[in-house]
């Protein structure tokens, strides 16, 4: 697998991933975070325009005989932004650092291929400080973040969505003593 910038041609595959993600979250009991119409392809188009959109793509070595997916297939998507206004105020805790950070948004994958783990490990390898939030009902994302070494930091609030659980990851090289 590899990561590349999202392109307009990826939109149908991203739309499919968002629909699968929404269905999966609803099965988990999470009806608040992703809902009908969000995330939308208009948001992804803005990510493309701003250079924030990324996709996880299968390589030839990832494809197995009999697989429906071929090399070049988009199996994950996410946005990475340099700041989030909602993170300026955190309740019931604190961020690990007050330093420049990258924010992971709208991560969705085709389940069972390891794309989520690949994306998280890619981010941890390329960025020193990452922040992310998720809904309390998004058990899968919470488990992925915890397993990947992200620390729970507190609660951030989004107008229209409510409280979200906030996590961050600090690369060992920049952790305070």
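Condition check: within 26 Å of residue 160 (Cα to Cα) and within 12 Å of the chain's Cα centre (by Cα). Does residue 120 satisfy that?
no
Could you tell me whether residue 46 is in a helix (DSSP H, G or I) and either within 13 Å of residue 105 (Cα to Cα) or modelled with pLDDT of 95 or more (or both)? Considered against the rule, which asks whether it is in a helix (DSSP H, G or I) and either within 13 Å of residue 105 (Cα to Cα) or modelled with pLDDT of 95 or more (or both), residue 46 comes out as yes. Would you be able to say whether some residue in the range 54-61 is closer than 24 Å to residue 139 by Cα, in contact with a helix residue (DSSP H, G or I) (Cβ under 6 Å, 6 or more places away or on another chain) and not in a helix (DSSP H, G or I)? Yes, there is a match, as at least one residue in the range 54-61 is closer than 24 Å to residue 139 by Cα, in contact with a helix residue (DSSP H, G or I) (Cβ under 6 Å, 6 or more places away or on another chain) and not in a helix (DSSP H, G or I).
Note on the range 49-69: residues that are modelled with pLDDT under 90 and under 17 Å from residue 3 (Cα atoms) amount to 7.
Figure legend. Inter-residue proximity from the range 49-70: first residues without any contact (Cβ under 8 Å) to a residue 40 or more places away in the chain and on the phi < 0 side of the Ramachandran plot, second residues surrounded by 11 or more Cβ atoms within 10 Å (Cβ to Cβ) and in a loop (DSSP other than H, G, I, E, B), beta-carbon distance below 8 Å, spacing 6+ or different chains. Indicated pairs: 60/71; 63/69; 63/71; 70/58; 70/63.
When the residues of the range 26-43 are filtered to those that are modelled with pLDDT of 70 or more and touching a helix residue (DSSP H, G or I) at 6+ places or on another chain (Cβ under 9 Å), which remaining residue is surrounded by the fewest Cβ atoms within 10 Å (Cβ to Cβ)? Within the range 26-43, the match that is surrounded by the fewest Cβ atoms within 10 Å (Cβ to Cβ) is 29. When 72, 76 are checked against the criterion of being surrounded by 15 or more Cβ atoms within 10 Å (Cβ to Cβ) and under 20 Å from residue 5 (Cα atoms), 76 stands alone in meeting it. Considering the conditions (1) loosely packed, with under 15 Cβ neighbours inside 10 Å; (2) farther than 22 Å from residue 47 by Cα; (3) modelled with pLDDT under 95, residue 160 is excluded by exactly one of them, (2).
Candidates in the range 79-95 are the residues that are surrounded by fewer than 17 Cβ atoms within 10 Å (Cβ to Cβ) and over 15 Å from the mean Cα position of the chain (by Cα); of these, the one that is nearest to residue 46 (Cα to Cα) is 85.
The values are calculated or read from the model by the stated rules, or taken from the named source; none is laboratory data. The shown structure was predicted, so the numbers you read here are calculated from the model rather than taken from an experiment. FYI the Cβ positions are ideal-geometry reconstructions off the backbone, even for glycines, and counts take in every protein chain you see.
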